[in-house]
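Have a look at the structure below before the remarks.
The values are calculated or read from the model by the stated rules, or taken from the named source; none is laboratory data. Predicted model, so just to flag it, every value in this text is computed and none were measured. Here Cβ is always computed from backbone atoms with ideal geometry, including for glycine, and neighbour counts include all displayed protein chains.
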Amino acid sequence: MNEIKTDQSQNRIMIIASGNAGKRDEIEKICGDLDFSFKTLRDYWDPVPQIEETGETFLENAFIKAQWVFDRLGLPTLADDSGLQVDCLGGEPGVRSARYAGENATDEQNNRKLLKKCAECSGQRRSARFRCVIVCIFSPEKSIAVEGMCEGKIGYSPKGNGGFGYDPLFIPDGYDMSFAQLDSATKNTVSHRGKALKKLKEKLRNISV
């Protein structure tokens, strides 16, 4: 683990429990004007540790990841867990969204499995939602959690080249394009993660740590 820098002249450090630089960029787009300096696991570990997600809900998994990092670094830590819930599949893939077609499944494999399982569903039965839960731990006694949701439906074939995961299949309510077809500014406005981050921003703006 790299040495932790503690320059008191800098903004307060907030660790993002992920090695994904794109996730940090997304968080900074919404929360970047707060007095936090966002770091990822890559700033502290090489290789980036894989934190086992053993929870049965998005909230449990987000807390597990945040707690794992906080226990080792002792710094404010942010973690999120998100996924897709399809009504005609009883809420699948849910917390297994990233692993729907197997532990090392690609986005294409997950999308293919989802389409196959939705083959008998049509119309309103293809309703679905993306859900995101974000947990921040500041101390053993203080933590916060927020949630964002985006309602929509599952398309009949992948559309668009943007985004990741199930974005080519998910059509948010009020649009006739998939997440993968929307520009990033529009997607951030309506997405589950964008909504959760806006709620988080308001809480961080007023929190004392």
Query raised in the report: Taking the stretch 71-88 on its own, how many of its residues are surrounded by fewer than 24 Cβ atoms within 10 Å (Cβ to Cβ) and either under 16 Å from Pro49 (Cα atoms) or touching a Leu at 6+ places or on another chain (Cβ under 7 Å) (or both)?
Result: 3
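Only one residue in Val146, Val135 is within 17 Å of Asn20 (Cβ to Cβ), modelled with pLDDT of 95 or more and not small (Gly, Ala, Ser), so which one is that? Walk me through it before giving the result.
Details: Val146 fails: within 17 Å of Asn20 (Cβ to Cβ).
None of the others qualify; the one that does is Val135.
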Report task. Check whether at least one residue in the stretch 176-195 is part of a strand (DSSP E or B) and touching a Phe, Trp or Tyr at 6+ places or on another chain (Cβ under 6 Å), and report yes or no. Result -> no
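Tell me the residue from Ile134, Ile144 that is part of a strand (DSSP E or B), touching a residue at least 60 places away in the same chain (Cβ under 8 Å) and in contact with a Cys (Cβ under 6 Å, 6 or more places away or on another chain), please. Lay out the reasoning, then the answer.
Values: Ile134 fails: in contact with a Cys (Cβ under 6 Å, 6 or more places away or on another chain).
Result of the check over Ile134, Ile144: Ile144.
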Report task. Only residues that are at pLDDT 95 or above and of a type in the set (Asp, Glu): list them for the stretch 82-106, please. Result -> Asp87, Glu92
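Can you work out which of the residues in the stretch 182-209 that are surrounded by 15 or more Cβ atoms within 10 Å (Cβ to Cβ) and hydroxyl-bearing (Ser, Thr, Tyr) is farthest from Thr77 (Cα to Cα)? First the steps, then the outcome.
First, pick out the residues of the stretch 182-209 that are surrounded by 15 or more Cβ atoms within 10 Å (Cβ to Cβ): 182, 186-188, 190-201, 204.
Within this subset, residues satisfying the condition of being hydroxyl-bearing (Ser, Thr, Tyr) are 186, 191.
Details: Thr186: 28, Ser191: 22 Å.
My answer is Thr186.
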Query raised in the report: Counting only residues that are assigned to a loop (DSSP other than H, G, I, E, B), over 18 Å from the mean Cα position of the chain (by Cα) and touching a residue at least 12 places away in the same chain (Cβ under 8 Å), which one in the stretch 89-119 is farthest from Ile51 (Cα to Cα)?
Result: Cys118
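So which residues in the stretch 120-130 are in contact with a helix residue (DSSP H, G or I) (Cβ under 7 Å, 6 or more places away or on another chain), part of a helix (DSSP H, G or I) and at pLDDT below 95, if there are any at all?
Here is the first cut: in the stretch 120-130, the residues in contact with a helix residue (DSSP H, G or I) (Cβ under 7 Å, 6 or more places away or on another chain) are 121, 125-128, 130.
Filter once more, keeping what is part of a helix (DSSP H, G or I): 125-126.
Correct list: Arg125 only.
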Query raised in the report: Take the residues of the stretch 8-66 that are more than 28 Å from Thr189 (Cα to Cα) and of a type in the set (Val, Ile, Thr): which is surrounded by the fewest Cβ atoms within 10 Å (Cβ to Cβ)?
Result: Thr54
Report task. Could you grab the pairs with beta carbons closer than 6 Å, sequence gap of 6+ or different chains, first residue in the stretch 180-195 and aliphatic (A, V, I, L, M), second one at pLDDT below 90? Result -> Ala180/Gly162; Ala180/Gly163
Query raised in the report: in contact (Cβ under 8 Å) with a residue 60 or more places away in the chain and among the hydrophobic types (A, V, I, L, M, F, W, C), is that true of Leu75?
Result: yes
